[in-house]
Amino acid sequence: MSIDIKDYNKTLAVTNTAIEKFPAQPLFYLLNGVAHNSLNTPDKAIEIIELGQSYLLDEFKLEQDMYQQLAISYDKKGDTARASKMRAKAQELSKKL
């Protein structure tokens, strides 16, 4: 996928289309959020990842990855307290893996 070659704009285009066609697939929301974080648009990353979390069904690794990306987003915004909370949630989920 384009995220592997760091083409984040293409990743956004592909994942936006994927989300439109398959809105209940949380992986697309995560990849979209990673691209937004990489393009330094953390507010959009937070919005899309939080939306994607509503589609998780016992997918602990994916949920953990989402919390890690949310931590990155909040760090980019300078909200270290919320970033720390997201990291703690990710760490808690690692116990279920």
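What follows draws every value from the coordinates through simple rules; no lab data is involved. Treat the numbers as computed from the prediction; the structure is a model and nothing was measured. Please note: Cβ atoms are built from the backbone with ideal geometry, for glycine as well, and neighbour counts cover all protein chains shown.
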Restricted to segment 32-47, and to residues that are part of a helix (DSSP H, G or I) and without any contact (Cβ under 8 Å) to a residue 24 or more places away in the chain, which residue is nearest to A18 (Cα to Cα)?
-> N32
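Please indicate, with yes or no, whether at least one residue in segment 78-86 is polar (S, T, N, Q) and surrounded by fewer than 19 Cβ atoms within 10 Å (Cβ to Cβ).
Among the residues of segment 78-86, at least one is polar (S, T, N, Q) and surrounded by fewer than 19 Cβ atoms within 10 Å (Cβ to Cβ), which makes the answer yes.
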When segment 20-31 is checked residue by residue, the ones that are out of contact with any Ser or Thr (no Cβ under 6 Å at 6 or more places or on another chain) and assigned to a helix (DSSP H, G or I) are E20, K21, P26, L27, Y29, L30
Checking K61, K96, K77 in turn, the sole residue that is charged (D, E, K, R), touching a residue at least 24 places away in the same chain (Cβ under 8 Å) and in contact with a Pro (Cβ under 6 Å, 6 or more places away or on another chain) turns out to be K77
Going by the structure shown, is L27 in contact with a helix residue (DSSP H, G or I) (Cβ under 8 Å, 6 or more places away or on another chain), surrounded by fewer than 22 Cβ atoms within 10 Å (Cβ to Cβ) and either at positive phi or not hydroxyl-bearing (S, T, Y) (or both)?
-> yes
Test Q64 against the stated conditions and say whether it is within 12 Å of the chain's Cα centre (by Cα), polar (S, T, N, Q), surrounded by fewer than 20 Cβ atoms within 10 Å (Cβ to Cβ) and assigned to a helix (DSSP H, G or I).
-> yes
Go over the candidates T11, T17 one by one and state the one that is in contact with a Ser or Thr (Cβ under 6 Å, 6 or more places away or on another chain) and either on the phi > 0 side of the Ramachandran plot or assigned to a helix (DSSP H, G or I) (or both).
-> T11
